[in-house]
Amino acid sequence: MTDRIFNFSAGPCTLPLPALEKAKEEFINFRGTGMSIIEHSHRGKAYDAVHLTAIASLREALSVPEEFDILLLHGGATMQFVMVPMNFHKKGMVMEYVNTGAWAKKAIAEGKRYPDEHRVIWTNEEEKFTRMPKASEIKPGSDAAFVHFCSNETIGGIELQEFPDCGNVPVIMDMSSHILSRPLPWDKLSMVYAGTQKNLGPAGMAVVIIRKSMIAAANADLPAFLSYGTHQKENSLYNTPPVFTIYMMKLTLDWVKEMGGVAGMSALADQRSGIIYRTIDQSDGWYRCPVNKECRSRMNVVWRLPSEDLEKKFIAEATAAGFDGLKGHRSVGGCRASMYNAMPVAGAEGLAQFMLDFKKKNG
Ligand SMILES: *Cc1c(COP(=O)(O)O)cnc(C)c1O
């Protein structure tokens, strides 16, 4: 398909072409059933198979151990900002948050609704969120209910490299923008969540991978829909799930498997982000990446040009050349290339060449 452009948007993002093509092929008549998957009952056989394989494929892709359940929940990652403190705040204990930037702050804002039960234990705000904490910098208090991280700051362009070992204190991570791009150290984690529209599929849902023991210890006196226990009991079929999102996630996971699983995704992420970071580093400071080198995100590459006028020109000309979505987030400006799992290496190569040509003409 030659009419598809390179979509560098931070989300919703580019999806694997084979997944889109498969969806197109079976959209009107799903596997001979005479109707579309989005017309099927979520209690029927056809959808049930999709639901179960989507969960099983995710478990396989990320090697999720038995002690964890996988939940598919409405409301995106933002709903998890709300559900985490609701389910896990405890009188006499403190929810600990790590402040790494814009998305961490959104989670913290929901924790603040419990004034005596939250604290920020690490922040890099004074350095404008240009790095992630080292594992040794994270020391949970003896009264910690959990420690919450955002492990890839989509806007700031930084990615956690070292997973801290917090002992008995549960570690909860928002991995929305880099889940499925690397293997995960499950022994150091109690809960991982991610909005689906970056590396997993279309929007409308969050994947929650959570220790069974966390759910067992969660607050019980909650509205049913907002309790992890409810969704665990019903295998994420308490009410009508976002059927199309789950179906597309399943097709995306089929593609991931074909491409070598999470190890294959990690190698591709290294390759793509390496191409752009090298182009920045070899530009004699004309392109400049504002974040600490060790913490550079492999998914969201951010950079500046010598002036805001040049940035505007760069983005406009890049868009016209078929490199879409390169404008940095409005809160920070600059440029950003979000290169999630399905971004072809050719997209990074094309963008790098465009950057070289642009510098030659304007530098
Ligand atoms: C995109 C994003 C979110 C928000 O996800 P929604 O599904 O829109 O709620 C949260 N955290 C991070 C790190 C993100 O990149």
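The values are calculated or read from the model by the stated rules, or taken from the named source; none is laboratory data. This one's a predicted model, so the numbers in the text were calculated from it and none came from an experiment. Don't worry about glycine lacking a Cβ; one is built from the backbone with ideal geometry, like all the others, and counts go over all protein chains shown.
Observations on the model:
- Strands (runs of 3 or more DSSP E) contained entirely in segment 164-250, each with at least 1 residues that are surrounded by fewer than 24 Cβ atoms within 10 Å (Cβ to Cβ), within 11 Å of the ligand (Cβ to nearest atom) and at pLDDT below 95: none
- Members of segment 73-111 that are touching a strand residue (DSSP E or B) at 6+ places or on another chain (Cβ under 6 Å), among the charged types (D, E, K, R) and surrounded by fewer than 23 Cβ atoms within 10 Å (Cβ to Cβ): Lys90
- Identity of the residue in segment 297-317, touching a helix residue (DSSP H, G or I) at 6+ places or on another chain (Cβ under 6 Å) and within 14 Å of Ser338 (Cα to Cα), that ends up surrounded by the most Cβ atoms within 10 Å (Cβ to Cβ): Val301
- Residue in segment 38-47 that is more than 16 Å from the ligand (Cβ to nearest atom), outside the structural domain of Trp103 (by TED's automatic domain parsing) and without any contact (Cβ under 8 Å) to a residue 40 or more places away in the chain present: no
- Pairs, first without any contact (Cβ under 8 Å) to a residue 12 or more places away in the chain in segment 101-125, second within 16 Å of the ligand (Cβ to nearest atom), C-beta under 7 Å, six or more apart: Lys105/Asn99
- On inspection, Ala54 does not qualify as in contact (Cβ under 8 Å) with a residue 12 or more places away in the chain, within 30 Å of Asn152 (Cα to Cα) and within 16 Å of the ligand (Cβ to nearest atom).
- Residue-level analysis places Ser142 among those that are surrounded by fewer than 21 Cβ atoms within 10 Å (Cβ to Cβ) and either in the same structural domain as Lys90 (by TED's automatic domain parsing) or part of a loop (DSSP other than H, G, I, E, B) (or both).
- Matching option when the condition is away from the ligand (no atom under 16 Å from the Cβ) and of a type in the set (A, V, I, L, M), among Val98, Val64, Val84: Val64
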